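Beneath this line is the structure, given in structure tokens, with notes to follow.
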Amino acid sequence: MIRRCTPQDFDRIHTIINDGASAYKGIIPGDLWTEPYMSVNQLQHEIGEGVIFWGYEDSGHLSGVMGIQDVRDVTLIRHAYVLSTTQKRGMGAQLLSHLRKLTHRPVLIGTWADATWAIRFYEKHGFQIVSATDKDHLLKKYWSIPDRQVETSVVLADAVWRQLNQEFSAAP
């Protein structure tokens, strides 16, 4: 079952993010990796900035989370994680599908450039990597991340964004 997360889910969201993010250890550049991947303060900050978390509940337990955030004229998909013990069961796909139905805005997703499995997942669901020039512009416009993270990330855009931005050129 997919449901909007409540303040009572905060600790579980934090646990899921950090457990799911373990897949990125060794993929994220060492100078950007932290333990834990996301601190309690960082999660509180993200929620305070407008990230709304939705969760996949499996047998009464929250097993996956994905955030949605409206920024200016787009919707960002943020912090998509599933517990490592419950991955590859379609939870992420169901969460993504649900969140996409919640907006009519163009949807953008940022992820690590070396996280090829994450990129393939989003491509399988209709997103395309934008060009490096577009990526740099979009990350600076819609995200608040360090320049080093901009260098090591990609942005994927949905068909709505691509249609509205005719100058869009998919990455090679």
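So which helices (runs of 4 or more DSSP H) stay within the stretch 76-172 end to end and still have 3 or more residues that are touching a residue at least 12 places away in the same chain (Cβ under 8 Å) and surrounded by 14 or more Cβ atoms within 10 Å (Cβ to Cβ)?
It comes to 91-101, 116-124, 132-142, 159-164.
Is it true that some residue in the stretch 3-22 is outside any helix (DSSP H, G or I), open to solvent by less than 50 Å² (accessible area, probe 1.4 Å) and in contact with an Asp or Glu (Cβ under 8 Å, 6 or more places away or on another chain)? The answer is no; no qualifying residue exists.
Restricting attention to the stretch 66-75, the residues that are open to solvent by 30 Å² or more (accessible area, probe 1.4 Å) and either of a type in the set (A, V, I, L, M, F, W, C) or not in a strand (DSSP E or B) (or both) add up to 2.
Count of the stretch 23-41 residues, restricted to those that are exposed (fewer than 15 other Cβ atoms within 10 Å of the Cβ) and not β-branched (Val, Ile, Thr), is 9. If you check Leu62 against the conditions, is it under 23 Å from Leu138 (Cα atoms), touching a residue at least 24 places away in the same chain (Cβ under 8 Å) and surrounded by 14 or more Cβ atoms within 10 Å (Cβ to Cβ)? So Leu62 fails the test. Quick check: is even one residue across the stretch 43-50 without any contact (Cβ under 8 Å) to a residue 40 or more places away in the chain, open to solvent by less than 40 Å² (accessible area, probe 1.4 Å) and assigned to a helix (DSSP H, G or I)? Yes; the residues of the stretch 43-50 include at least one that is without any contact (Cβ under 8 Å) to a residue 40 or more places away in the chain, open to solvent by less than 40 Å² (accessible area, probe 1.4 Å) and assigned to a helix (DSSP H, G or I).
Among the residues making up the stretch 128-162, those that are over 21 Å from Glu46 (Cβ atoms), of a type in the set (A, V, I, L, M, F, W, C) and within 16 Å of the chain's Cα centre (by Cα) are Ile129, Val130, Ala157.
The values are calculated or read from the model by the stated rules, or taken from the named source; none is laboratory data. Here the structure is a predicted model, which means the values were calculated and not measured. Counting neighbours? That spans all protein chains shown, and the Cβs are built from the backbone with ideal geometry, glycine included. The protein model used for the area step is the full one, side chains on, heavy atoms only, and it has no ligands, DNA or RNA in it. Shrake-Rupley method; radii C 1.70, N 1.55, O 1.52, S 1.80 Å.
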